[in-house]
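All of the numbers you see were taken from the coordinates with simple rules; none came from a lab. These numbers come from a predicted model, not from an experiment. Because the Cβ atoms are built from the backbone with ideal geometry, glycine has one as well, and the counts that use them run over all protein chains shown.
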Amino acid sequence: MELKAIINSPGLWIASSFMIIVVVAQSIIFIRAAFKEAKNVGLTREQCVRGMRSAMITAIGPSFSPVIILVGLLAVLGAPTAWMRMNDIGAGRTELAMANAAASVIGAELQAGNFTIEAFGAALWGMALNNLGWMVVALVLTHRMAKAVNLLNKKYDPKWIKLMMAGATIGLFAYLLSGQLVGKGSPNITAAVVSAGTMLFISKALKKYPKLQEPALGISMLVGMFVATAIA
Amino acid sequence: MSNNSSREVSFSDNMVKIGIITVCLAIVANFIPALYLWLVHGIIPDFSTILSIWSLAFVTFGVGWIVQPITYYSIMGVSGSYIGWVAGSVADLRAPCATMAQKVAGVEAGTPEGDIMSTIGVTSSVFVSVTIITIFTFIGAYTIPLLPEFIKSSFAYILPAVFGAVYAEMSSKNLEIGAGTIACGLILVYLLPKLGVSSIYMTLFVIAAGMLVARVVYTMKKKKEQDN
């Protein structure tokens, strides 16, 4: 069979769908467990539903961001592989880079005449082995991290540990934000500042309108993006 | 009280159990297309090639495999980590959704209530992102070119906009830490590459700066309490 036929074959669709099934099933199991436990810690059903709604609205914008690279992946690796890899760990750019690097091991290149079915096989292994890294580390470390935090809480002032974790989280996002600002040109700065300002405005000045709080991040993002585009 | 804490333990044990089983299943699913190509079409790179591919992945992304699940733990928590490192998009999608779910429910990160709301936030984001990616897998190639140019150009600013808004939301609860840390972040991200520090280590420096600022704030607050 020819490369184009195999990479879009029904068999590969089925083979690729297992990951999507696991991803969705995992979230269904976790959200059911969370709703059940919510009652025990005194969270109302309404709080949970509002949180769910807010997260879903927030997710819309960032879910669109990889669609452009998705179209690129579709063209080179076929629809089933692009579908699977955009829904699992590894950003679109990472998957593309890894697929290309793996193909290069056998002397081929994505989108070149020498991208044969063997090169496609190498690309599949490349992406799988790369994604394996994160999953294994999460598997080995997550429950140990939970234990470590418990231990820290016992050993030190829990107030300090909570503040320290907040500091770590803020530090992480300060890094991510700085990376988007330093040396990136003024539209990026506009997008970040306008979006941050909108977010603060909604959560402070419009605090009295709970309905506005749920889509706050989605709205802020769009305002930031559009203002940056308009004056770029 | 003892009853309460034993229940918390069993909930978190339950989360770990679900997490371990589902991540193991994801690891299997991760290799099914490659195995399919081998079993059905007889195509598989020879063992030494697979080994070279793995070393290439390890050299390029190995530090990220180890550092990222640790550095994101403070925001993702137990269940969020198990989901995030399978479903991906941790920084730009899962973490913002966890933050928003906690915000509208009025709970704090790092508490049992916060963990439950972040689990709800992260899982909800999975349902949305899988739906959108699936729709675009089928119609993306046809619809993307039809989008107005203004919308397409604005896609370039999704990341600064998301991170800006998330940062504002996080900092509004810890104003001093937020202001101090972004100042450190900007300076470090500007200076460190000039000193030849690679980006993965840069993350650690800025996180350390955030923790240091938190320590200063904590010490000052404690001193104030004692003085009063």
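Take each residue of peptide A:90-100, count the partner chain Cβ atoms within 10 Å of its Cβ, and average: the result is 2. Legend: mean number of C-beta atoms from other chains within 10 angstrom of residue C-beta atoms, peptide A:107-113, equals 0. Only DSSP H runs of four or more residues enter the estimate; each adds -39500 (n - 2.57), and after division by the residues of chain B the mean residue ellipticity at 222 nm equals -29000 deg cm²/dmol. Computed from the C-beta positions of A:V49 and A:A148 and an R0 of 30 Å, the FRET efficiency is 0.35 to the nearest 0.05. Estimated from helices alone, the mean residue ellipticity of chain A at 222 nm is -27000 deg cm²/dmol (sum of -39500 (n - 2.57) over DSSP H runs with n ≥ 4, per residue). The stretch between B:A141 and B:L175, if pulled fully straight at 0.36 nm per residue, gains 7.8 nm over its current Cα-Cα span. Counting only Cβ charges, +1 for Lys and Arg and -1 for Asp and Glu, the dipole size of chain B around its Cα centre is about 360 debye. With both labels modelled 7 Å from their Cα along Cα-to-Cβ, the A:K211 to B:L192 distance reads 4.4 nm.
Close amide H contacts of B:G106 (hydrogens built in the peptide plane, cut-off under 5 Å, sequence separation of 5 or more or a different chain): none are found. Farthest toward the dipole's positive end in chain B, which of B:P145, B:A214, B:L25, given Cβ charges of +1 (Lys, Arg) and -1 (Asp, Glu) about the Cα centre? With unit charges placed on the Cβ atoms, the residue in question is B:A214.
Taking springs between alpha-carbon atoms closer than 10 angstrom, which of B:S79, B:S129, B:S199 fluctuates most in the Gaussian network model of chain B? Taking springs between Cα atoms under 10 Å, the residue moving most is B:S199. Near the amide H of B:G88, within less than 5 Å, lie the amide hydrogens of A:I89, all on another chain or at least 5 residues away, with H placed in the peptide plane. Given +1 at the Cβ of Lys and Arg, -1 at the Cβ of Asp and Glu and no other charges, the dipole of chain A around its Cα centre is 1400 debye to the nearest 20. With 28 Å as the limit on Cα-Cα distance, the pairs of A:K162/B:K194; A:K147/B:K173; A:K147/B:K103; B:K194/B:K221; A:K36/B:K222 that go past it are A:K162/B:K194; B:K194/B:K221; A:K36/B:K222.
Sequence-distant contacts, meaning Cα pairs under 8 Å at least 6 residues apart, place the relative contact order of segment B:2-109 at 30 percent.
With contacts taken as Cα pairs under 8 Å and at least 6 residues apart, chain B reaches a relative contact order of 15 percent.
Ranking A:F35, A:Y175, A:N153 by how far each Cα lies toward the positive end of the dipole of chain A (charges on Cβ) leaves A:N153 at the top. What the phi angles of segment A:48-61 give under the Karplus curve with 6.51, -1.76 and 1.60, with θ = phi - 60°, is a coupling list of 5, 5, 5, x, 4, 4, 4, 5, 5, 5, 4, 6, 4, x Hz, glycine and proline written as x.
Normalised by the number of residues in segment B:53-147, the average gap of Cα pairs under 8 Å and 6 or more apart makes the relative contact order 24 percent.
Backbone N atoms of segment A:60-101 closer than 19 Å to the 7 Å Cα→Cβ label point of B:W38 belong to residues A:81, A:99. Rounded to the nearest Hz, the phi-derived 3J(HN,Hα) couplings of segment A:19-30 under the Karplus curve 6.51 cos²θ - 1.76 cosθ + 1.60 (θ = phi - 60°) are 4, 4, 4, 4, 4, 5, 4, 4, 5, 4, 5, 5, where x marks glycine and proline. Identify, among A:G92, A:G121, A:V49, the residue whose Cα sits farthest towards the positive end of the charge dipole of segment A:3-140, taking +1 on the Cβ of Lys and Arg and -1 on the Cβ of Asp and Glu, with the dipole about the Cα centre. The Cα lying farthest towards the positive end belongs to A:V49. Gain on full extension, evaluated as 0.36 nm per residue between A:I28 and A:N40 minus their Cα-Cα distance, stands at 2.4 nm.
Give the average, rounded to an integer, of partner chain Cβ atoms located within 10 angstrom of each Cβ in B:208-219. Kindly include the intermediate steps, with their values, before the conclusion.
Values: counts 3, 5, 11, 9, 3, 5, 11, 4, 1, 3, 8, 1.
Averaged over the peptide's residues, the number is 5.
Phi angles of segment A:182-192 translate, via the Karplus equation with coefficients 6.51, -1.76, 1.60 and θ = phi - 60°, into HN-Hα couplings of 5, x, 10, x, 5, x, 4, 5, 4, 4, 5 Hz per residue; Gly and Pro are given as x.
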